[in-house]
1. Confirm whether Ala40 is open to solvent by less than 40 Å² (accessible area, probe 1.4 Å), part of a loop (DSSP other than H, G, I, E, B) and in contact with a helix residue (DSSP H, G or I) (Cβ under 9 Å, 6 or more places away or on another chain).
2. Run Leu174 past the list (1) open to solvent by less than 20 Å² (accessible area, probe 1.4 Å); (2) away from ligand 2 (no atom under 16 Å from the Cβ) and report the number of the one that doesn't hold.
3. Check Leu4 against each of (1) outside any helix (DSSP H, G or I); (2) in contact (Cβ under 8 Å) with a residue 60 or more places away in the chain; (3) within 14 Å of ligand 1 (Cβ to nearest atom); (4) surrounded by 20 or more Cβ atoms within 10 Å (Cβ to Cβ) and name the one condition it does not meet.
4. Residues in the stretch 55-95 that are out of contact with any Leu (no Cβ under 8 Å at 6 or more places or on another chain) and in a loop (DSSP other than H, G, I, E, B): how many?
5. Quickly run through the stretch 192-212 and pick out the residues that are crowded, with 20+ Cβ neighbours inside 10 Å, part of a loop (DSSP other than H, G, I, E, B) and among the hydrophobic types (A, V, I, L, M, F, W, C).
6. Scan the stretch 213-230 for residues that are within 13 Å of ligand 1 (Cβ to nearest atom), more than 20 Å from Lys5 (Cβ to Cβ) and open to solvent by less than 60 Å² (accessible area, probe 1.4 Å) and jot them down.
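The values are calculated or read from the model by the stated rules, or taken from the named source; none is laboratory data. Bear in mind the structure is a predicted one, so any value in this text is a computation, not a measurement. Note that we place each Cβ from the backbone using ideal geometry, even for glycine, and neighbour counts take in every protein chain shown. These area figures cover heavy atoms from the full protein model, side chains too; ligands, DNA and RNA do not enter into them. Shrake-Rupley method; radii C 1.70, N 1.55, O 1.52, S 1.80 Å.
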Amino acid sequence: MSLLKLEHVTKRFGGLTAVSDFNLDLQEGELVGLIGPNGAGKTTIFNLITNTYLVSEGKIILGGKDITGMKTDKITAEGIARTFQNIRLFSELTAFDNVRTACHLRLKSSVLSAVFGLPGYRKEEKEIDDKAMALLKTLDLEKYKNDLAGSLPYGLQRKLEISRALATNPKVLLLDEPAAGMNPEETLALAALILRIRKEFNLTVLLIEHDMSLVMTICERIIVLDHGVTIAHGLPKEIQNNPEVITAYLGTGDLYA
Ligand SMILES: Nc1ncnc2c1ncn2[C@@H]1O[C@H](COP(=O)(O)OP(=O)(O)OP(=O)(O)O)[C@@H](O)[C@H]1O
Ligand SMILES: [Mg+2]
């Protein structure tokens, strides 16, 4: 079943067309890679899906519902979560509190019951603590729970971002270069982790990544962007042997890095 659809999506910044007539039909449960050289328009697509940037043209549809132009927090509530290429954590808060604050986006209690510490609120707070702890465990981060997020190595900060994204109960998870800053061993573990959380949380995943070993191993299909244009779309094997893709990457050394 089709879960997330982008139809003829275009984004212009002044005279620059960062994304041009982009189409995507993400099926429920799929893991799709979005690759392309620097500046190809990959992150812009995430910013369009989450309405961080408003589309210039085109439509974004989630589970049959048109979400184009919907507020970003509403889109989160509809079931789309993302991580950021430039990590966005509360660096002065602990890992645990970073996940807790993300869980709070789902809070049901009113401000009044929070102020008066009513039982409903206290119960919800306990549920949030438990959920945050469970998410840290899922990402193998429990031993860092009291560490300040800003003091963690890059690779762990990226995993903490994933746990924050999961805290909003997404259907679709958008990962923007999750392996950046990770060594080959950590990247291998990340591949297994992405597959595990997809299963455990029933996720559909769109993955932006420059690490081709990761993309080619775990993605079921891959879309390649260059200068905002989709230049190829296919199975990992097809993409690796596609002359246009190889040309787009020539000189960057990324494709077979
Ligand atoms: N807010 C903005 N204003 C103007 N131009 C922008 C803006 N955001 C992105 N761009 C431009 O759009 C193009 C695509 O950028 P984008 O960040 O989507 O690339 P990317 O594929 O994610 O690249 P990278 O692999 O380096 O992260 C670039 O030319 C970039 O400079
Ligand atoms: Mg990017």
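1. Details: open to solvent by less than 40 Å² (accessible area, probe 1.4 Å): yes; part of a loop (DSSP other than H, G, I, E, B): yes; in contact with a helix residue (DSSP H, G or I) (Cβ under 9 Å, 6 or more places away or on another chain): yes.
So Ala40 passes the test.
2. Result: Leu174 passes all but (2).
3. (3)
4. 12
5. Selection gives Leu203 alone.
6. Within the stretch 213-230, Val215, Asp226 meet the criteria.
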